[in-house]
Each structure stands twice: as structure tokens, then as C-alpha cells.
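Worksheet: one structure, shown below.
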Amino acid sequence: MTPPNDSRDGLIRRLPRVRGRLTANAPIGPMTWFRVGGPAEALFRPADLDDLAGFLAALPSDVPVTVIGVGSNLLVRDGGIRGVTIRLGRGFVDIRPDGERVETGAGALDLNVALTAAEAGVAGLEFLSGIPGTVGGGFRTNAGAYGSEFKDVLISADALDRRGEPHTVTSADMRLSYRHSEIAADWIFVRARFKGTAGDPAEIGRRMTDIRAAREASQPIRARTGGSTFANPPGHQAWRLIDEAGCRGLTRGGAMVSEKHTNFLINTGNATAADIEGLGEEVRRRVYERFGVRLEWEIRRIGQPFPGTAPIAEGELTAASTG
């Protein structure tokens, strides 16, 4: 049991009692792949589904809630995250193959789902090994890689709403499309069921090896990066637009556009979240001025700018912004 502690801030004292872990001023930035960003006002790691549901049911309605996964496609701004940040842990990572289906907790890594499916002879989920995130995080963007997306293999998913009430939805209910879903923003996914086909484990393993080799050859996977920065606009490849707009190797503070794959931003070692987000906005500006195409962020950006600094302005992209 985690009781309120007088040494913690006022928010912690307002939160319900839990069986999991509650931490005040938790350092979130180091949990992300960029390794930047401010702390969470409060971080909650629920012990299990009942712990999470009970917490949400008793949580004051004015407390903001943010859910994060492993931080692979996430940028936390330097001022940190207000309210409660929820991160699903051990109680949400089980993976259970059943015939040609795989049921999994939303906290499980996509890679681990693909590996478990391969061992069980379930084909069709190999593409998950090329997505560096958790199952729960993939629903918001209909995550995909190497020709397949969540919507191609998803049967149904379970979620809790802001009041802790359970819901089960199908792929059709979620209206998944390219890097988009229409599920309520305050739902927290807790479980999913995927469909595959019977396959030979050795052949499935070979396809996953090919995917790993392709990622290593084309992406800066060993750098402090956040995955693909922008979604591909209709009829275009984001990386090509960025490259042809002259952004390869472009820097801002400690942030840099990858030389290896221009749709990746890199923390070269001392970047701030403002450096990374500002560089991304500069890339968007240059691409729009060159091609008239608006790049949309695929990386999820959350939190507040550092106190005393102005937020990164997105605004309207126009040719008049040339400078």
C-alpha cells in the first residue's frame, strides 16, 4: 500500500490509495528514448487491472491524466507533465497464444508479442517486431511497419475510461486508418487480441530477421531518437521531402536531423526537448516552403515548456515564414 506522504506535494495527498506505486516529481525524461524532458507531477504504476480501475474511479475529476508506454515515440517537454502520469507495468505484459490468436496485455512490447507468436507458429504478426513500442501505445496511431498495421490483425481491445469503466471495442469500432484512430482520448487500453495464421516457426523467424536487418540498415536505432518523426503525407514519403528540402544533418542546439534517415530526429547528447521540438518545427517550415506539403507530427509531444520559456509555436505554415 502506498499512503500519502506529507513530504510529497499537494497532488499526491489528493490521490486515491493504491496497491501499485505512486511517485511525486518522477523523472520521466530518462524513461524516453530521447532521454529529455521534465518530471511527472505524479507517476502511477498500477499493480493490476483492478488497481487501475479503482484508482480512476476515485480520482478527482479535475486531475489531468496522461498515459505513457516505453517512451519510444514520445517527447516530454522540459517543464514536465501536470497531473497524474500512468505507466502500465508487470500486471499488463502477459502474452498468451491460443491457436491462431494471441491475447496480450497492453503493456507488452510489440517485439515480445511478435517473438511469442513466432514461437507458437502464429504468422502475420512479424511486422510488430519492427515497431519499438507497447501494444497500448499502438492503438492511438494504428501503428504499422513493413506493409502491415494494427488494423490488419486486431480482433478487439479492452480499455478503461476516465471513470474506470470497462469497454471492449473491435477494430471496426476504433475506425483505424493511417496513423489515426477515433477512440476517445481519455481511454486507457489494457488488453488486446490479435489474429494471425498458422505458420512455420522457422520461416516466421526468418522474416523477423529480415525486418531487423532492414531496420538496422536504414534507421539510427542505436541513437537517442524517437522513431519516425512525421507521418507520410498522402502521395509522399516524409523522409524524401525532408531530404530534398535540405534538412539532412540540420541541427538546433543538441538536436539533429539524422544523416542516416531524415525522418528521425536525434539527441546528440545535450539536447533539450525544446531543441528537438523546435528542430522538428523548422523541418516542417522548410518542407512547406519548398513543396507546399504540411508534415504532421507522428511523435507524441506532451507536457509543458520549461517555466519562463515560450512554447514552440506551430501556427499556420505559410510562405511568408521564410527567414
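The values are calculated or read from the model by the stated rules, or taken from the named source; none is laboratory data. In this text, all values refer to a predicted model and were calculated from it rather than measured experimentally. Here the Cβ is made from the backbone with ideal geometry for all residues, glycine too, and neighbour counts use every protein chain on show.
With region 131-212 as the region, which strands (runs of 3 or more DSSP E) entirely inside it contain at least 1 residues that are touching a Lys or Arg at 6+ places or on another chain (Cβ under 6 Å), modelled with pLDDT of 90 or more and not assigned by TED's automatic domain parsing to the domain that holds residue 31?
It comes to 154-160, 188-195.
Does region 276-287 hold any residues that are closer than 18 Å to residue 223 by Cα and without any contact (Cβ under 8 Å) to a residue 40 or more places away in the chain, and which are they? Give the steps one after another, and end with the answer.
First pass over region 276-287, keeping only residues closer than 18 Å to residue 223 by Cα: 276-277, 279-280.
Of everything in region 276-287, just one residue is closer than 18 Å to residue 223 by Cα and without any contact (Cβ under 8 Å) to a residue 40 or more places away in the chain, namely 279.
Could you list all residues from region 227-262 that are under 19 Å from residue 149 (Cα atoms) and of a type outside the set (A, V, I, L, M, F, W, C)?
Within region 227-262, 227, 228, 229, 232, 233, 234, 235, 236, 237 qualify.
Search region 83-97 for residues being part of a strand (DSSP E or B) and within 18 Å of the chain's Cα centre (by Cα), and hand back the single one that is surrounded by the most Cβ atoms within 10 Å (Cβ to Cβ).
Out of the qualifying residues, it is 85.
Consider residue 163 against the criteria (1) more than 21 Å from the chain's Cα centre (by Cα); (2) surrounded by 17 or more Cβ atoms within 10 Å (Cβ to Cβ); (3) more than 28 Å from residue 122 (Cβ to Cβ): it satisfies all of them except one. Which criterion is unmet?
Unmet for residue 163, out of (1) more than 21 Å from the chain's Cα centre (by Cα); (2) surrounded by 17 or more Cβ atoms within 10 Å (Cβ to Cβ); (3) more than 28 Å from residue 122 (Cβ to Cβ): (2).
Report yes if some residue within region 187-204 is under 30 Å from residue 249 (Cα atoms), in contact with a helix residue (DSSP H, G or I) (Cβ under 9 Å, 6 or more places away or on another chain) and not polar (S, T, N, Q); otherwise report no. Give the steps one after another, and end with the answer.
Filtering region 187-204 for residues under 30 Å from residue 249 (Cα atoms) gives none.
No: zero hits.
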